[in-house]
Structures are given as structure tokens and as C-alpha cells.
Amino acid sequence: MTFFWVAKKVHWSDSDAAGIAWFAHYFGWFEDAEEELFAATLGRSRQSLLDEIHFGMPRVDASARYHAPVRPGQTIRVGIASTLENPRRLRHDFEMRDEQGTLLANGFVRVACVDLATFAPRDLPAEVVQVVNALPRAAARQGDALPWV
């Protein structure tokens with residue numbers, strides 16, 4: 001699986017009373033990686049595309065597995081790999097690693113596509129398919145220079 005990566009510095013505000021990253025923040029970091037993927041492959045934000053074409057991308061399934069604690073002050077890498085499951089749904093797989101490459105967490109989200117006026121299912125726009133198809137090229141161009149979120 002080919003991943004597109006972003007870098008994230010974990011802040012004190014990301015942690016809970018135990019001094020580790022609060023579990024729900026992982027999903028936000030997954031979303032940050034998705035946002036940067038849209039920017040890297042389309043040269044524009046996901047939101048601008050949603051607004052222009054008037055469609056939504058609700059999450060219909062999500063999961064995360066936590067392998068090691070993430071602490072304030074750490075720099076982590078969040079990777080996204082995307083696949084089309086059918087014309088109306090895609091899946092984003094995620095990995096989170098520390099600077100030494102240790103797997104900290106992994107997960108996925110399944111994303112549906114709906115018409116915003118009716119919330120009825122619709123096919124993914126060509127631009128979203130382009131994001132998925134362009135991911136390997138965007139990942140290959142990254143080298144060591146990762147976008148920060």
C-alpha cells in the first residue's frame with residue numbers, strides 16, 4: 001500500500017489527563033492527512049471542491065487501533081492510502097508512525113458520496129477519483145519534505 005504522509009507535532013492540548021494523546025484526536029489527524037492529499041493532488045482544498053460541485057462525503061464507517069502511546073512534544077507522521085470501493089464509496093487507510101518508524105496507530109474510514117440537496121447517494125466526482133489515482137505520484141514526489149499539519 002502506498003501512503004501519502006504529513007507531519008504533525010503533538011501539543012499539550014492534544015493530550016488527556018494521562019498525558020497521552022486523546023483517542024479522538026487521531027481521527028482529526030487522519031482528516032488532516034486527507035486534506036493535504038487533496039491539496040497535493042488537485043492543488044485546491046477539499047472544501048472548495050465540495051462547495052463547487054455541491055456534494056458531501058460523509059463517513060459511514062471508521063476504526064482505529066492504538067499500538068503505542070503518543071505524547072505531547074512528539075513529532076509524528078500520518079499516512080493516507082486511498083482506494084475506490086465502488087463508484088459511490090472510497091476507503092482511506094491510515095498509519096501513524098513516530099520519527100523512528102514505529103507504528104503508533106492505524107485505522108480506516110469509509111467515505112460515501114451524497115448529493116447535498118437530497119442526501120441521496122451519487123457517484124464520486126471525477127476530481128475525487130483523480131485524487132485516488134494521483135496518490136502514488138504525490139507520495140513519490142514527497143521524499144523527506146512532508147507537509148506539516
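Every number here is computed from the coordinates shown, using simple stated rules; none is lab data. Computed from a predicted model, the values in this text were never measured in an experiment. Don't worry about glycine lacking a Cβ; one is built from the backbone with ideal geometry, like all the others, and counts go over all protein chains shown.
Data for the structure
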quantity: GNM result for the chain, Cα springs below 10 Å: residue of ALA21, ALA126, ALA81 fluctuating most strongly; calculated: ALA126
quantity: At most 12 other Cβ within 10 Å, DSSP loop - chymotrypsin sites (Phe, Trp or Tyr not before Pro), the range 19-79; calculated: PHE23
quantity: Square roots of 5 times each gyration tensor eigenvalue, C-alpha, the chain, largest first, Å; calculated: 27, 17, 13
quantity: Estimated 222 nm signal from helices in the chain, with DSSP H stretches of n ≥ 4 weighted -39500 (n - 2.57), rounded to 500; calculated: -9500 deg cm²/dmol
quantity: The range 1-49: Cα Rg divided by the 2.2 N^0.38 Å rule of thumb; calculated: 1.38
quantity: The range 55-126, relative contact order [Cα under 8 Å, separation at least 6], %; calculated: 39
